[in-house]
Amino acid sequence: MSDQTMAAGFAAAFLDYAVAEGAARSRLLAASELTDEDLADQDTRIPVAAYQALIASGIEATGDTSLLLRHVLETRLESMSIGGQIVHASTSFPHSLDQLNRYARLMADVPIPGGRDRFALERDGEAVWLVDHRPCDGSWMATEASFARFISEFRRSAPEHPFEQALEVSYAPPPHANRYPELFRVPVTFRAARNALRINPVWLDAAFDGGKDCVFGIFTRHADALLEELASRDTARSAVEARMLADLHEGQLSMDRTARDLGMSRQTLYRRLKEEGVTFGRFHDDLRRRMAMDYLSAGKVSVAETAYLLGFSEASAFVRAFRRWTGTSPTAWLARD
C-alpha cells in the first residue's frame, strides 16, 4: 500500500553507504524526496516507497545491482533500529526470532497473509529452515536483503559457527547472481517454491553471550511505546487490508464482519474509509488485483490456483476480472516480456 512506512534508520544507513560507493548525496535525496531532517532520528517513520526510490537511485548511480545486498552484509542492524538492539540483547536465536516477529513492524510495514509471523523455523528431517512468509512477488531485492541480514549478524558475532548452509528463493537469478557465491557463500536454488534459508542447527540451542535481562527490558519498553504510537496512527485502509488478507480466499467478504473483527461498527468503518477516499468494495477489488500480480509474477501457482487464493468461485470469473484490471488475460499478461 502507498501508506506503508518504515524506520528512517535503514534509509539513513543505505544513503551513507551509497555515498561512500560514489553516489551523489543530493541526487539520492532528491530521488527519494527525503531530507536530512527526515533521516536524523532512526525511529522516524518514512514512506517505504521513498526507501525504494533511494535504493533505485543508488543502484543507478553506481551501476551495481548488488548495492543493497552488499550494504546489508557490511552493516550492523543495531546501528539503525531498536529491533536490532533487542535482537542482540536476546538470550538465544529462537528468542531473538520471537522478538523480531513481535517488533517487525518497527522496522517496516510488511503485510503477511493469514496473520502469520514474518519468519518461522521449520524442520525437514535433520535440516532446519528459516522461512520468510513475505508474499512471493517475483522480486529479489527484499528477499535477498532479509536473509543477508541474518547472515551478516552471525558472521560478525560468531564466525566459528557459520549460520547459513543453503538458500532457496522464489525469484529468478538477479543481474548480480554471479556474485552470490562470494556474498552468500552457500548453494542457492532459484525459482523455488518458497523463500527459506537452511541454518546450522547448533543455533537452536546455543545461548547468546549478549543476553541481559535489564538491557533487554529497557529496549523492549521503548519498542512497545513505539508500537503503541504506530497503532494510534493506523489508517482504516491498513487495518482492513490486514484483515482481508487473512480471509481473501473466502470470496465476497462482509463489511459487517470486517468491522466487527476490527472492533468498530459498520457505519464507523464506512465513514473512516470514505475519509481516506476509498470504499470497502473498491478496496477489496484492488487488493485482489495486486495479489493476482504477486501470485502470477512469482510463477509458482497456476491461473486456477490464483483464482482460488483470491476467492473466485471459478477460474473464468478470475480471468474476466483480470481482463477488467489489465485489459488482457492472465496468460497474455505473463507472456508480455
Check your understanding: When the residues of the range 253-264 are filtered to those that are exposed (fewer than 14 other Cβ atoms within 10 Å of the Cβ) and at pLDDT 85 or above, which remaining residue is nearest to Ala321 (Cα to Cα)?
Key -> Ser254
Revision key, fill the gap. Counting only strands (runs of 3 or more DSSP E) entirely within the range 108-178, those with at least 2 residues that are open to solvent by 50 Å² or more (accessible area, probe 1.4 Å) and more than 19 Å from Met293 (Cα to Cα) are 119-124
Exercise for review: For the range 186-199, state whether one or more residues are crowded, with 17+ Cβ neighbours inside 10 Å and of a type in the set (Gly, Ala, Ser).
Suggested key: yes
Practice item. Could you identify the single residue in Glu250, Glu241 that is surrounded by 13 or more Cβ atoms within 10 Å (Cβ to Cβ), at pLDDT below 85 and charged (D, E, K, R)? Key: Glu241
Check your understanding: Out of all the residues in the range 13-35, which are of a type in the set (D, E, K, R) and either touching a Pro at 6+ places or on another chain (Cβ under 8 Å) or closer than 21 Å to Val72 by Cα (or both)?
Key -> Asp16, Glu21, Arg25
Check your understanding: Which members of the range 1-30 meet the condition of being open to solvent by 50 Å² or more (accessible area, probe 1.4 Å) and among the small types (Gly, Ala, Ser)?
Key -> Ser2, Ala20, Gly22, Ser26, Ala30
**Study point:** Among residues of the range 78-95, those that are at pLDDT below 90, open to solvent by less than 10 Å² (accessible area, probe 1.4 Å) and not β-branched (Val, Ile, Thr), counted
**Key:** 6
Practice item. Find the helices (runs of 4 or more DSSP H) located wholly in the range 264-337 whose residues include 2 or more that are of a type in the set (Val, Ile, Thr) and touching a residue at least 24 places away in the same chain (Cβ under 8 Å), and list them. Key: 303-309
Point to revise | Residue list for the range 56-74, restricted to those being buried (at least 18 other Cβ atoms within 10 Å of the Cβ) and not in a helix (DSSP H, G or I) | key: Asp64, Ser66
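The values are calculated or read from the model by the stated rules, or taken from the named source; none is laboratory data. Fair warning: this is a prediction, and the values are worked out from it, not measured in the lab. Note: ideal-geometry Cβ built from the backbone for every residue, glycine included; neighbour counts use all protein chains shown. When the accessible area is computed, the model is the full protein with side chains, heavy atoms only, and any ligands, DNA or RNA have been set aside. Shrake-Rupley method; radii C 1.70, N 1.55, O 1.52, S 1.80 Å.
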